[in-house]
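As structure tokens, the structure follows; a few thoughts come after it.
Read-outs throughout are calculated quantities, based only on the coordinates presented, and are distinct from any laboratory measurement. From a predicted model like this one, the values you see are computed outputs, not experimental measurements. Every residue, glycine as well, gets a Cβ built from its backbone with ideal geometry; the counts of neighbours run over all protein chains shown.
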Amino acid sequence: MSGPQNEGVAASPDVVIAARDLTRRYGKSTVVDAINFNIAKGEVFGLLGPNGAGKTTTILMMLGLTEISAGRVSVLGFDPARAPLQVKRRVGYLPDAVGFYDHLTAVENLAYVAKLMGLSVAERSQRIVAALTRVRLLEVANKRVATYSRGMRQRLGLAEIIVKRAEIAILDEPTSGLDPQATLEFLDLIRELKAEGVTVLLSSHMLDQVQRVCDRVALFRDGRIVMMGSVAELAVQVLGAGFVVEVEAEGAGIARRLAAIPGVGNVETLAEDRFRMTAEHDVRPDAARAVVAANGALRRLSVDEPSLEAIYARYFQAAQSGGVRDAA
Amino acid sequence: MRREGSAFQGAGAVFIKELSDNISSVRMLMLELLIVLTALAALYEAIIALRQNTAEDPFLLLRLFTVDQAPLPSFVAILGFLIPLMAIGLGFDLINSEHNRRTLSRILAQPIYRDALLLGKYLAGLATIAISLTALWLMVIGLGLIFLGVPPGGEEIARSLVFLVIAIFYAGVWLSLAMLLSIVFRSPATAALVALGIWLFLTVLWPMLAPAFAQAIAPPDPRYAALGIDTPDTVIWTQLLQRFSPNDLFGEAMLAVLSPTTRTLGPVFLDQLRGAVMGAPLPFAQSVMIAWPQTVGLIACTIVLFVAGYVLFQRQEVRA
């Protein structure tokens, strides 16, 4: 990982966040251990991993809110440890379980942070109304935040980022604790941000949601990034193949014939008449042909897109049994 | 290496928001009611007492502050007791409430330094107390005008203004302490209890403990006891130890400023008083000079406690 790139942090104009051997130690324990990544402009990047894997600490280092023990990170070309105000002026942050001043209304809460951002009075009120409209909180804008639901609070947090007109939005566990409807709405808002060219950094352990919005993900474990790439790339890395095809068919010797299809990794026999195979591409037509050729009765043929959940489960299962190959 | 931008950027916004929160809070209303009602009772007693013997006292207005009529202590003594309560009430959850509401990381992700948040909050607390104390001070002068019917002289106003300034710094000591505790303890209840514990210890227990310690350090000499006077060493030690309490410093400074006849705050030898016209008031500047060490002590204590809190807060992790 450390190669010639190591020299010019954020050399490419497209890279908005670049971390080089970024490390954070608390006493003797290393919470973030020499991680490297580049995030390109306009990308939705997911930080995944179990609780305590170092995701939030990484985010706080990017914002200059916690000290960097070793290594470097550059955000929009600025060093957050040296020029925190420049970074914080351009980056919006929605913390995990965000809190607001409950005795103030949504407008008053936003007005306070807008003041801290240094916006003028006219600019403030105009941006706040626009942001509240976008997150659909305008009708309740003058109600105290104490009356807000969890989903409304998260949307209010997003409104703050919109008021800031942030170039990078960092969202820490934005959908945890939301009901499915609120989650969908929130993911739509994230997509809208992306459509505007905002780079989104998202940390989560809700895998299917991350899969739905993220262009690329980084998988954290014990302070290290163990895997990074698009979901399809990770699937090939971890599952050995991208597609899982399930066949339900009766007949003799079907498993053997399925295994012979080019591109098929392995075939598991789930029951007498059910088989699961992993393949590099969608092999359903070949599977159908193979079953028919064996004079079998084809009952069902289904394909699973590579799922982050499967990747995650497989990876951590393998890691626990100690048989993981170094994916880096 | 210098950091970019001003450390005070955003401090104004924090100050205004916190001040409006403080002033509109129920907590502040209760504290104000407590202080105003107790102070009114003390003033009422003082006015009754003063009306009965309107001798030719040149500092009638100042007497309003210092006269005590059993069972109530004087107005100044009541303030010495209640100002800490007010400061602790405003300061005990200054920082930890931001942690607990989970607003801290969101606010610090705005383009401001932590200095601005801390300073804005501290100054808002101090301004709240200053406003209340100024209102109280105006009330005393107003009541004095109405019930005593004597217009205050320039020197009286000057002395009572010095009282106001020292009282604000005295509040600053306790506000700094409460803020420090709100940084150290994540739970507001713990911070409040520890602050109240320190307050009770310094205002109630310490004045009793200090003489005991002083006697242990410098045992009373039986020869002085036979003469019926206190051993000078013991007296000096007692006073030294008592001055560790801000309450004592405030009391001494008030005595010097509000009672113009006060010539010294410690024990003196008789020959040091040679030539002094006993009972004659000191000029204003001389009284201020007597109160100056105590005032500096209060200011220094405020700064030291604030800096301790500042350093801790800068190094604190923002995550909950």
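Per 0.36 nm of contour for each residue apart, how much would the distance between residue A:192 and residue A:268 grow if the chain were fully extended, relative to their Cα-Cα spacing?
Details: separation 76, 0.36 × 76 = 27.36 nm, distance 4.15 nm.
Additional length available on full extension: 23.2 nm.
Round to the nearest 0.05 the FRET efficiency obtained for residue B:29 and residue B:244 when R0 = 25 Å and r is the Cβ-Cβ distance. Here the calculated transfer efficiency is 0.15. In the range B:78-230, taking the dipole from charged Cβ atoms about the Cα centre, the farthest positive-side position among B:219, B:189, B:157 is held by B:189.
With the Cα gyration tensor of the range B:230-320 in hand, give its eigenvalues times 5 under a square root as the equivalent ellipsoid semi-axes, listed largest first in whole angstrom. It would help to have the intermediate numbers written out before the result.
Numbers: eigenvalues 271, 54, 15 Å².
Computed over the range B:230-320, the values are 37, 16, 9 Å.
Of the residues A:182, A:171, A:230, the one whose Cα sits farthest toward the positive end of the charge dipole of the range A:137-278, with +1 on the Cβ of Lys and Arg and -1 on the Cβ of Asp and Glu, is A:171. Taken about its Cα centre, the range A:243-304 carries a charge dipole of roughly 180 debye when the Cβ of each Lys and Arg holds +1 and the Cβ of each Asp and Glu holds -1.
Would you calculate the convex hull of the Cα atoms in chain B and tell me its volume per residue in Å³? List each step's numbers first, then the result.
On the way: hull volume 57.5 nm³, N = 320.
In chain B, the Cα hull volume divided by residue count equals 180 Å³.
The residue A:282 and residue A:150 beta-carbon pair, evaluated with R₀ = 41 Å, returns a calculated FRET efficiency of approximately 0.55.
If you count, for each residue, the other Cβ atoms within 10 Å and average over each peptide, how do B:70-76, A:23-29 line up from highest to lowest?
Details: B:70-76: 16.6, A:23-29: 12.3.
Ranking, from highest mean packing down: B:70-76, A:23-29.
Within the protein assembly as shown, the proportion of Cα pairs with more than 38 Å between them is 53 percent.
Regarding the range A:243-304, what is the average projected area of its C-alpha convex hull, in nm²? Write down the numbers at each step before the final one.
On the way: hull surface 13.1 nm².
For the Cα atoms of the range A:243-304, the hull's average projected area reads 3.3 nm².
In the protein assembly as shown, taking the dipole from charged Cβ atoms about the Cα centre, the farthest positive-side position among B:286, A:313, B:118 is held by A:313.
Net charge dipole, the range A:23-172: roughly 160 debye, given to the nearest 20, about the Cα centre with Cβ charges of +1 for Lys and Arg and -1 for Asp and Glu.
Which value, in debye to the nearest 20, gives the size of the charge dipole of chain A about its Cα centre, when Lys and Arg are +1 and Asp and Glu are -1 at the Cβ?
Working: 39 positive and 38 negative charges, 187 e Å.
In debye, rounded to 20, chain A gives about 900.
Only alpha carbons enter this Debye calculation for the range A:96-174, each as an equal point scatterer, and the log10 of I(q)/I(0) it gives at q = 0.14 Å⁻¹ is -0.39. By the beta-carbon count within 10 Å of each Cβ, the least crowded to most crowded order of A:230, B:160, fewest first, is A:230, B:160. Residues B:252, A:309, B:45, ranked from the fewest to the most other C-beta atoms within 10 Å, line up as A:309, B:45, B:252.
Note that the range A:15-228 shows a convex hull volume over its alpha carbon atoms of 116 Å³ per residue.
Out of the DSSP beta bridges found with both residues in chain A, what percent are antiparallel (nearest 5)?
Working: 39 of 57 bridges.
Here the antiparallel bridges make up roughly 70 percent for chain A.
For a modelled paramagnetic label at residue B:200, 7 Å from Cα along Cα-to-Cβ, no residue of the range B:35-76 is in reach, as no backbone nitrogen comes under 18 Å. By other beta-carbon atoms within 10 Å, ranking B:139, B:28 with the fewest at the front produces B:139, B:28.
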